[in-house]
1. Of Thr206, Thr176, which residue is touching a helix residue (DSSP H, G or I) at 6+ places or on another chain (Cβ under 9 Å) and modelled with pLDDT of 95 or more?
2. If you scan the range 251-264, which residues turn out to be out of contact with any Lys or Arg (no Cβ under 8 Å at 6 or more places or on another chain), surrounded by fewer than 22 Cβ atoms within 10 Å (Cβ to Cβ) and either closer than 17 Å to Lys306 by Cα or among the small types (Gly, Ala, Ser) (or both)?
3. Which ones in the range 138-153 are crowded, with 18+ Cβ neighbours inside 10 Å and in contact with a strand residue (DSSP E or B) (Cβ under 7 Å, 6 or more places away or on another chain)?
4. Name the residues in the range 244-299 that are farther than 19 Å from Gly88 by Cβ and among the aromatic types (Phe, Trp, Tyr), would you?
5. With respect to Ala214, is the statement that it is free of Cβ contacts under 8 Å to residues at least 24 places away in the same chain, buried (at least 16 other Cβ atoms within 10 Å of the Cβ) and of a type in the set (A, V, I, L, M) true?
6. Inside the range 133-153, can you point out the residues that are of a type outside the set (Lys, Arg), outside any helix (DSSP H, G or I), free of Cβ contacts under 8 Å to residues at least 40 places away in the same chain and in contact with a helix residue (DSSP H, G or I) (Cβ under 9 Å, 6 or more places away or on another chain)?
7. In the range 272-315, which residues are surrounded by fewer than 16 Cβ atoms within 10 Å (Cβ to Cβ) and either of a type in the set (Val, Ile, Thr) or in contact with a Phe, Trp or Tyr (Cβ under 6 Å, 6 or more places away or on another chain) (or both)?
8. Within the range 222-249, track down each residue that is surrounded by fewer than 24 Cβ atoms within 10 Å (Cβ to Cβ) and small (Gly, Ala, Ser).
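The values are calculated or read from the model by the stated rules, or taken from the named source; none is laboratory data. Computed from a prediction, not measured in an experiment: that's the story for all the values here. Here the Cβ positions follow ideal geometry from the backbone for every residue, glycine too, while neighbour counts run over all protein chains shown.
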Amino acid sequence: MRKETQFAAALAACGTGLLIAPAVAVDYPLRPVRVIIPYSPGGSSDAVARVVGQKLSDTLKQQFVIDNRPGASGSLGREIVAKAAPDGYTLLIGDSPHTINVHVLKHVPYDPIRDFTPITLLASAPQALVIHPGLPYQNVKEFIAAATAQPGKFNYGSGGSGSITHLTGELFKLATRVNLVHVPYKSIGIATGDVLGGQMHAAFPTLPGVVAHARGGRLRALGISSVKRSPALPDVPTFEESGVSGMIISNWFGVFAPARLPADLLATLHKAVLDAMNAPDVRGKLGNLSLDINTMKPQEFEAFLKQELEKWGKVVKAAGIKAD
C-alpha cells in the first residue's frame, strides 16, 4: 500500500500550525515513463531530454522513454501531454515556444499554464547575434550604426515566423529602432547556414548552435542576450554591455506533467529531477552543450512561465506579428 499523508492528518496538521513536508510516493514509478519531446530527434530539447532521462532511468530503476512527437511548431506533442492522465507516466520536456505559440498560432489546443503542472526548469541558453566574418562590423554598436545608416538593406534569418529566433530579432529591432528585413526559414540551422555562406547578413540563433562556428572563426558573434557573459564565449559581450537594453532572452528547457498532478507525485518527480540535475555527469554533459543549469521550485517555475507568456505577448503585439 502506498505510504502517503492522509487528508485527515493534513487537516490536523494545519490545525496545529505544524509544517509537514509533502508526502512522497515511494511506489513510483512502477512502469516505464513516457517523456514527450515535441520536436524531431537531434535538437536541443531532444539532447537535454536524453541526458536527464537516462539519469532518471538509472536512479529510479524504470525506463524514461523518449518519444519524439513533432508537428504544429511543437503544439502536437504538448497537446498529447495536456490530455494525458495526471499519473506521472506522461511527461513533457518543454521549451520557450510553450509560452510563444499561443500568441502566434491561430489555434493552440491547450492552455500553456492551466493544462500543465510545471515541475522545474532544467537549463537555458541565450540567443546570439551572429554575422558572417567577412562583414566589417566588430561589435553590436557598429552593426546598429550600419543598419541605421542603410534602413532596409540588412536582413536576418530565423527558424520561422513566430519562432524564438524571429521574436529575438523583432525585439532587437524594437530596442534599437533599426530596420532589419526578416527572412523566415524552415529551421534556424538552415538560416545560420546561409549566414555562414554569406547569403544572409545576420541571425539570432540560440548560443549552443553556433559556439563551434564562433570559436572556429566561421561566424562572428557580436552579442548575447544573457545577464552576464557566457563561459562558452567569454569574449562576446552581452547586449546590455553593448548599450541595448531589454534584451534578456533565453531559450529554456523544463519538465511538465499534465494538470492536476497529485502533490505526492509532484514532490517525488521534483526531487528526482533535481537529484539528476545535481549529478556531476549530467552537469558536465549539459555544460558541454553550452547550457546554463537553472532549476526551480514548481511555484517558481509557474511564475516564470507567466512572466514569459506576458513578455512574448507584448513583443508579438508591438512587432505586429500576425498569427500563422
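1. Thr176
2. Listed by number, the list holds a single entry, Ala263.
3. Once the filter is applied, which keeps residues that are crowded, with 18+ Cβ neighbours inside 10 Å and in contact with a strand residue (DSSP E or B) (Cβ under 7 Å, 6 or more places away or on another chain), the range 138-153 yields Val140, Phe143.
4. If the condition is that a residue be farther than 19 Å from Gly88 by Cβ and among the aromatic types (Phe, Trp, Tyr), then Trp252, Phe253 are the ones that fit.
5. Criteria not met by Ala214.
6. Answer for the range 133-153, where residues must be of a type outside the set (Lys, Arg), outside any helix (DSSP H, G or I), free of Cβ contacts under 8 Å to residues at least 40 places away in the same chain and in contact with a helix residue (DSSP H, G or I) (Cβ under 9 Å, 6 or more places away or on another chain): just Pro136.
7. Selection gives Ile293 alone.
8. Ser226, Ser230, Ser242, Gly243, Ser245, Gly246, listed by residue number.
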